[in-house]
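Here the structure is laid out as structure tokens; the discussion comes afterwards.
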Amino acid sequence: MPISASCDPMTTPMSPSPASGPSPDPALDPLRDEVLEHLWVRFPDHCVVLTDPRCRTAIDFGIARARHYGFVHAAEIRPFVTLMLMLGSHFDQDPQHPWAGHQLRQSARSPRRQAIVELLGAASQALEPVVGAQGEYYRRALGWVGARSFDALAGTYAGDDEALTLLARHLYRRKHDALGPSGVAQAVRWAHTTAQHYGLTTPAGPMMMLALTLLLGSAIDRDPFHPWVRQVLTDATERDPEARARRLHARAQELLARHTRLAALSQGTTRN
């Protein structure tokens, strides 16, 4: 799959889903299996929720994106796909993570093993103030949204750009501050554009798209690691835009609760 350097996830919400691409290449089976094993070790709860077939689809997409930058060996592709899972499948083009594209361009002529090490170093430096040294700021954002019903969120944040900016600040203050006024405004515009594209024409549509963008990445409508978002957005059986926005919230809450239970179970097993 060719990846255009000019493709901006904040301005192209209508790209086709990776799941609609060609059939898996059997020649990639050993590499795919190695990356899958890595994801099961690092992110077992994600793999349980996503299931192996969807993990493999996402991995194939990740291999294609990594190869665009010349990463062809498992030792290079594993960390690249890890960043996709952590930051969003288009993290390298995401305006929320400008350091990623900059680093990849800067290291374009470097040996690939060196380039991936430098990318991971840039990620660590850029992300720790936002997500926390142990992910504590990100978990706080998840906890904040997980504790709020759809009606509670819509009653305060489903409104104009000022209300959406307030949502960004209350949901994920660290990211809000890191993005700055122009970055937050860009995310708000993307939320409006994407909501309109998928027919989420009530104020709750941009609210939900902004929340998902801040937590999961700016290409959330076509991220193979979160296929449920596109499934809800493109479900032709539900024509009521408010009902679809509500379904996005319900599905997100359901998956968040499941991830939380699985993570707790995993930690308990590790301690025992």
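The values are calculated or read from the model by the stated rules, or taken from the named source; none is laboratory data. In this text the structure is predicted, and so the values were computed from the model without any measurement. Counting neighbours? That spans all protein chains shown, and the Cβs are built from the backbone with ideal geometry, glycine included.
Tabulated data for the structure shown
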read-out: Segment 92-143, subset of a type in the set (Ser, Thr, Tyr) and assigned to a loop (DSSP other than H, G, I, E, B), residue surrounded by the fewest Cβ atoms within 10 Å (Cβ to Cβ); value: Ser110
read-out: Lone qualifier among Gly132, Gly159 - being in contact with a helix residue (DSSP H, G or I) (Cβ under 9 Å, 6 or more places away or on another chain) and on the phi > 0 side of the Ramachandran plot; value: Gly132
read-out: Some residue of segment 67-79 being aromatic (Phe, Trp, Tyr) and closer than 30 Å to Arg169 by Cα; value: no
read-out: Hey, Ala168 buried (at least 23 other Cβ atoms within 10 Å of the Cβ) and in a helix (DSSP H, G or I) or not; value: yes
read-out: Residues of segment 201-224 that turn out to be outside any helix (DSSP H, G or I), farther than 13 Å from Phe150 by Cβ and not aliphatic (A, V, I, L, M), as a count; value: 5
read-out: Verdict on Tyr198 being buried (at least 19 other Cβ atoms within 10 Å of the Cβ) and over 25 Å from Ala147 (Cα atoms); value: yes
read-out: Members of segment 58-77 that are more than 26 Å from Ala191 (Cα to Cα), assigned to a helix (DSSP H, G or I) and out of contact with any Leu (no Cβ under 9 Å at 6 or more places or on another chain); value: Ala64, Ala66, Arg67, His68, Ala75, Glu76
read-out: Leu210 being on the phi < 0 side of the Ramachandran plot and surrounded by fewer than 18 Cβ atoms within 10 Å (Cβ to Cβ); value: no
read-out: Exclusive hit being modelled with pLDDT of 95 or more and either among the small types (Gly, Ala, Ser) or in contact with a helix residue (DSSP H, G or I) (Cβ under 8 Å, 6 or more places away or on another chain) (or both), set His46, His68, His38; value: His38
read-out: All positions within segment 225-253 that are more than 27 Å from Phe43 (Cβ to Cβ), small (Gly, Ala, Ser) and part of a helix (DSSP H, G or I); value: Ala243, Ala245
read-out: Search result, residues across segment 151-165 that are assigned to a helix (DSSP H, G or I) and either within 15 Å of Asp94 (Cβ to Cβ) or among the hydrophobic types (A, V, I, L, M, F, W, C) (or both); value: Ala152, Leu153, Ala154, Ala163, Leu164
read-out: Selection from segment 177-189 of residues that are without any contact (Cβ under 8 Å) to a residue 12 or more places away in the chain and of a type outside the set (D, E, K, R); value: Gly180, Pro181, Ser182
read-out: Test for Thr194: is it in a helix (DSSP H, G or I) and hydroxyl-bearing (Ser, Thr, Tyr); value: yes
read-out: Residue match in segment 78-97 (condition: more than 30 Å from Ala185 (Cα to Cα) and within 18 Å of the chain's Cα centre (by Cα)); value: yes
